[in-house]
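The values are calculated or read from the model by the stated rules, or taken from the named source; none is laboratory data. For clarity, every value in this text was computed on a predicted model and none was experimentally measured. Counting neighbours? That spans all protein chains shown, and the Cβs are built from the backbone with ideal geometry, glycine included. To get the accessible areas, we keep the full protein, side chains included, count just its heavy atoms, and leave off ligands, DNA and RNA. Shrake-Rupley method; radii C 1.70, N 1.55, O 1.52, S 1.80 Å.
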Amino acid sequence: MTKDKNLITPQQFIDELRRYQKGSVSRRHFLGVTGLGLATAVLGAAVPGLRPREAYAALAGTVNFTTWPSYFAQENIDQFTKHTGVKINIAVFGSNEEMLAKLQAGSTGWDVFVPTNYAISTYKDLDLVEELDLTKLPNYDPSTQEQRFTAEGVIDGKTYAVPKDWGTTGFVYNSKSMPQKPASWKEFWDLSMSEATGRSMVHDYQLTTIGNALKYYGYSFNSNDEKELADAEKLLIAAKPHLFGINSDYKPSLISGDAWMSVCWTGDATQLQRDMPEMLYVLAKEGGEIWSDFYAIPKGAPNIEAAYALIDFLLTPEINAKEVVAHGYPSTDSRTNKLVPKDMLDNPILYPAAEALSPLEFGAAATLTNPLRAEIMARFKSA
């Protein structure tokens, strides 16, 4: 029997498949070179970016996915399960401190989690996160990523996390309930203790709650200076009796009208304003936080192959665009941004003007493990 010159080796097939997934070659080229033909419909248009069903044959069980509130598109989760048979169990956390404590306690059972930029180096130093094998993430292309939002996933030349999206931390207020037009953190805190008493919320998250109290005095969002932190604590203790709540899942209270104003992340502001145009988002003039979130795999993940498959699926530009539309956080991937509706690209909540971003600070790793910050947050919550 003679060898068919038109056959390709398994490795050549995988190479061509990865080129197709990255958009380097057309579907016609892929089908022609591999000899699959149109009838095979590998990576069909209905499920762009998915590997062939047979590539998922070894996947089974459940992926335990730990993320933030209102931070994924359910249709994508359902689609992944439909095409892989892998169920996804979602757990929601309110802060990186919570995530860190849970991982340090061990036996989380997590397969994928979503750390914020400033936390990744701590997870790596504590040996709590896997170095990623990028050959298992063919839909991740570093060249299409906006580098200022992605660098902290790479430490000493090794990749420990790949970018999910980015955003800002400001505050949102109900303009029908509040005639004032606050534009600063000073006004936010002052109104919380006066006209908006009993109607304001802050995060259950030391980085943003302490950080934005620091901004009241014009200090750095990331300050670990003892005197400056003492000033922030005085403000927090004074404001505590006036607050409606301390909760990182604040949207339900704003929607019900129980709260009028809250510290708020980009996507939540987008979702709120979509349904309630009176909800206005403010990037305070003193500054505040700019951040990026990542996908990562914790050490000892019980279903690591399925974890890679889920991350790779969510990084597919067409799938990622559905994520952006659902949760309202901008992507770091230029391929995804080309697929996002123009009205979202023009939305100043998602894509603020450069001058609004310039005073913002990325969170610093030293704030995550500073025991003084942890003590201040504990005293504030128990006051």
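A few comments on the model shown:
- Only residues that are open to solvent by 10 Å² or more (accessible area, probe 1.4 Å) and part of a loop (DSSP other than H, G, I, E, B) were counted across region 206-222, and they come to 5.
- Considering the conditions (1) open to solvent by 10 Å² or more (accessible area, probe 1.4 Å); (2) closer than 19 Å to Tyr71 by Cα; (3) among the hydroxyl-bearing types (Ser, Thr, Tyr), Thr332 is excluded by exactly one of them, (1).
- Residue, most open to solvent (accessible area, probe 1.4 Å), within region 280-310, restricted to residues that are closer than 21 Å to Thr122 by Cβ and part of a loop (DSSP other than H, G, I, E, B): Lys299
- Any chance Pro277 is over 17 Å from Phe188 (Cα atoms), in a loop (DSSP other than H, G, I, E, B) and of a type outside the set (Ser, Thr, Tyr): yes
- Residue list for region 252-297, filter: within 22 Å of Asn96 (Cβ to Cβ), of a type in the set (A, V, I, L, M) and touching a Phe, Trp or Tyr at 6+ places or on another chain (Cβ under 7 Å): Val263, Ala269, Ala284, Ile290, Ala296
- Of all residues in region 45-86, those that are assigned to a loop (DSSP other than H, G, I, E, B), in contact with a helix residue (DSSP H, G or I) (Cβ under 7 Å, 6 or more places away or on another chain) and modelled with pLDDT of 65 or more total 8.
- Residues located in region 151-179, provided they are in a strand (DSSP E or B), under 17 Å from the mean Cα position of the chain (by Cα) and in contact (Cβ under 8 Å) with a residue 40 or more places away in the chain: Val162, Pro163, Lys164, Asp165, Trp166, Gly167, Thr168, Thr169, Gly170
- Here Leu100 meets the list (1) under 18 Å from the mean Cα position of the chain (by Cα); (2) modelled with pLDDT of 95 or more; (3) on the phi > 0 side of the Ramachandran plot almost entirely, failing just condition (3).
- Number of positions in region 335-359 that are within 25 Å of Glu289 (Cβ to Cβ), open to solvent by less than 50 Å² (accessible area, probe 1.4 Å) and not in a loop (DSSP other than H, G, I, E, B): 5
- Matching residues in region 256-295 - criterion: being without any contact (Cβ under 8 Å) to a residue 40 or more places away in the chain and under 20 Å from Asp204 (Cβ atoms): Ser256
- Among the residues of region 77-87, those that are open to solvent by 30 Å² or more (accessible area, probe 1.4 Å), on the phi < 0 side of the Ramachandran plot and not hydroxyl-bearing (Ser, Thr, Tyr) comprise Asp78, Gln79, Lys82, His83, Lys87.
- Screening region 180-195 for residues that are touching a Pro at 6+ places or on another chain (Cβ under 9 Å) and touching a residue at least 60 places away in the same chain (Cβ under 8 Å) and picking the one that is least open to solvent (accessible area, probe 1.4 Å) gives Phe188.
- Considering residues of region 127-150 that are open to solvent by less than 20 Å² (accessible area, probe 1.4 Å), assigned to a loop (DSSP other than H, G, I, E, B) and in contact with a strand residue (DSSP E or B) (Cβ under 9 Å, 6 or more places away or on another chain) only, the residue nearest to Ser358 (Cα to Cα): Thr150
- Asn174 in contact with a strand residue (DSSP E or B) (Cβ under 8 Å, 6 or more places away or on another chain) and either modelled with pLDDT of 95 or more or open to solvent by less than 10 Å² (accessible area, probe 1.4 Å) (or both): yes
- Take the conditions (1) open to solvent by 20 Å² or more (accessible area, probe 1.4 Å); (2) in a helix (DSSP H, G or I); (3) closer than 29 Å to Phe221 by Cβ; Val324 misses just one of them, which is (1).
- The number of residues in region 232-261 that are surrounded by 16 or more Cβ atoms within 10 Å (Cβ to Cβ) and either polar (S, T, N, Q) or assigned to a helix (DSSP H, G or I) (or both) comes to 12.
- Residue that is nearest to Ser70 (Cα to Cα) [pool: residues in region 94-115 that are open to solvent by less than 10 Å² (accessible area, probe 1.4 Å) and β-branched (Val, Ile, Thr)]: Val114
- Filter result for Ser70 (buried (at least 20 other Cβ atoms within 10 Å of the Cβ) and either touching a Gly at 6+ places or on another chain (Cβ under 7 Å) or more than 23 Å from Asn303 (Cα to Cα) (or both)): no
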